[in-house]
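Inspection log for the structure reproduced underneath, given as structure tokens.
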Amino acid sequence: RAKSAGGNRFELADDEADARAITRHGLTTALPAALERGEFFIEYQPLVHLDDGTVHGAEALVRWCHPQHGVLGPDRFIPLAEHTGLIVPLGRWVLEESVRQANFWQERHTDGGPLRINVNLSPTQLHHPRLVAETVDVLERSGLEPGALCLEVTESALIGADEDLLKPLRQLAEMGVDIALDDFGTGYSNLANLRRLPVSVLKLDRSFTLGMQQHPADPVDLKIVEGIVSLAHSLDLAVTVEGVETGAQAEQLRKLGCDTAQGWYYARPGAPDRIHSLLLADAV
Ligand code: C2E
Ligand code: MG
Ligand code: MG
Ligand code: MG
């Protein structure tokens, strides 16, 4: 073991690893009560049309306001919730809350066209037998039309997916719910496989957007994005790009034919009021 090789550095590293494990354990056991006490909240990040800067919708991103640790991002607790199954009630809450919020925005912006709400789904939620029934129920109770909801599923969650796993997504898609392939380009999915999936949106991972930041843009990334966009459009899929941080990236991605974008250049994830005022202003 590294420890016996001597040096405090290694002991420190071990202590840190222990501390992380303890925190992980503590966070995991605190999750159910946190949900009951209402410690989770949702931030919304606008999705913008690349051609004219108007708001297309918003992605719901969950956070945990932990009484001791402060605000924790989803990377800190979603994997834990996935592991224990708490992701199912937590995900249901996120869906319910963000659909309610989207319906509220829509009722106040009837002339602004439909505003869409994007909600992330974990693999466990995807496997849950009541996914379709619960989604239908949430939509019916809120009054939001199915076409305004987009469920985001990561590419890796669908790798090697069989018909049993795809069936609920297919049912949702038939009702008009959009399914987006999140973090596209990070997995190893077979492009030809796309035809088989009931998806209507590709969300190009931030790593491609990063390649557009250089001057000139990374020529290989340019070619890849160009290829993905043309393939996506030929399959009738819309292309959203994540992680746009500069105007130059936005311009490059617009030129490459991407449809919508999301990123700090437009707005960081924030309170629902932000989206409300963006809608009133009509463009970011
Ligand atoms: P994601 O779905 O790919 O969400 C995009 C992430 O990129 C968000 O991180 C967002 O804050 C961040 N981001 C947006 N614009 C920029 C930018 O310009 N630059 C950079 N560097 N980052 C940007 P966040 O909020 O930390 O969420 C991380 C991941 O957690 C999400 O990735 C999603 O996979 C997961 N997640 C978030 N909310 C939920 C949820 O309600 N349910 C489930 N199952 N997963 C969720
Ligand atoms: Mg997402
Ligand atoms: Mg993403
Ligand atoms: Mg991502």
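The values are calculated or read from the model by the stated rules, or taken from the named source; none is laboratory data. If you're wondering where the values come from, they're calculated on a predicted model, not measured in any experiment. No Cβ is skipped: glycine too gets one built from the backbone with ideal geometry, and neighbour counts run over all protein chains shown. All accessible areas refer to the heavy atoms of the entire protein, side chains included, with ligands and DNA or RNA removed. Shrake-Rupley method; radii C 1.70, N 1.55, O 1.52, S 1.80 Å.
Considering region 20-76 alone, what residues qualify as being of a type in the set (Val, Ile, Thr) and within 24 Å of residue 104 (Cβ to Cβ)? Once the filter is applied, which keeps residues that are of a type in the set (Val, Ile, Thr) and within 24 Å of residue 104 (Cβ to Cβ), region 20-76 yields 42, 48, 54, 55, 62, 71. Taking the stated definitions as given, is residue 196 among the basic types (Lys, Arg) and either within 16 Å of ligand 1 (Cβ to nearest atom) or surrounded by 13 or more Cβ atoms within 10 Å (Cβ to Cβ) (or both)? For residue 196, the condition - among the basic types (Lys, Arg) and either within 16 Å of ligand 1 (Cβ to nearest atom) or surrounded by 13 or more Cβ atoms within 10 Å (Cβ to Cβ) (or both) - is not met.
The rows are residues; the columns are (1) open to solvent by less than 70 Å² (accessible area, probe 1.4 Å); (2) more than 12 Å from ligand 1 (Cβ to nearest atom); (3) assigned to a helix (DSSP H, G or I).
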residue: 56; (1), (2), (3): yes, yes, no
residue: 75; (1), (2), (3): no, no, yes
residue: 92; (1), (2), (3): no, no, yes
residue: 95; (1), (2), (3): yes, no, yes
residue: 106; (1), (2), (3): yes, yes, yes
residue: 125; (1), (2), (3): yes, no, yes
residue: 136; (1), (2), (3): yes, yes, yes
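Scanning region 144-201 for residues that are of a type outside the set (A, V, I, L, M), part of a helix (DSSP H, G or I) and touching a helix residue (DSSP H, G or I) at 6+ places or on another chain (Cβ under 8 Å) yields 146, 168, 171, 196. Consider region 242-253 and keep the residues that are under 21 Å from the mean Cα position of the chain (by Cα) and more than 10 Å from ligand 1 (Cβ to nearest atom). The one that is surrounded by the most Cβ atoms within 10 Å (Cβ to Cβ) is 253.
Quick check on region 130-184: of everything there that is modelled with pLDDT under 95 and on the phi > 0 side of the Ramachandran plot, which residue is nearest to ligand 4 (Cβ to nearest atom)? Per the stated criteria, the residue is 183.
For (1) touching a residue at least 12 places away in the same chain (Cβ under 8 Å); (2) more than 16 Å from ligand 2 (Cβ to nearest atom); (3) more than 15 Å from residue 184 (Cα to Cα), each residue gets a yes or a no:
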| site | (1), (2), (3) |
| --- | --- |
| 212 | yes, yes, yes |
| 220 | no, yes, yes |
| 226 | yes, yes, no |
| 229 | yes, yes, no |
| 232 | yes, yes, no |
| 240 | yes, no, no |
| 245 | yes, yes, yes |
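Note on region 34-47: residues that are open to solvent by less than 40 Å² (accessible area, probe 1.4 Å) and in a helix (DSSP H, G or I) total 1.
In region 257-271, the residues that are over 13 Å from residue 205 (Cα atoms) and hydroxyl-bearing (Ser, Thr, Tyr) reach residues that are assigned to a loop (DSSP other than H, G, I, E, B) and open to solvent by 30 Å² or more (accessible area, probe 1.4 Å) with C-beta atoms within less than 8 angstrom, at least six apart or across chains, in these pairs: 265/245; 265/246; 266/284.
Within region 256-267, not a single residue is open to solvent by 40 Å² or more (accessible area, probe 1.4 Å) and either among the basic types (Lys, Arg) or over 18 Å from the mean Cα position of the chain (by Cα) (or both).
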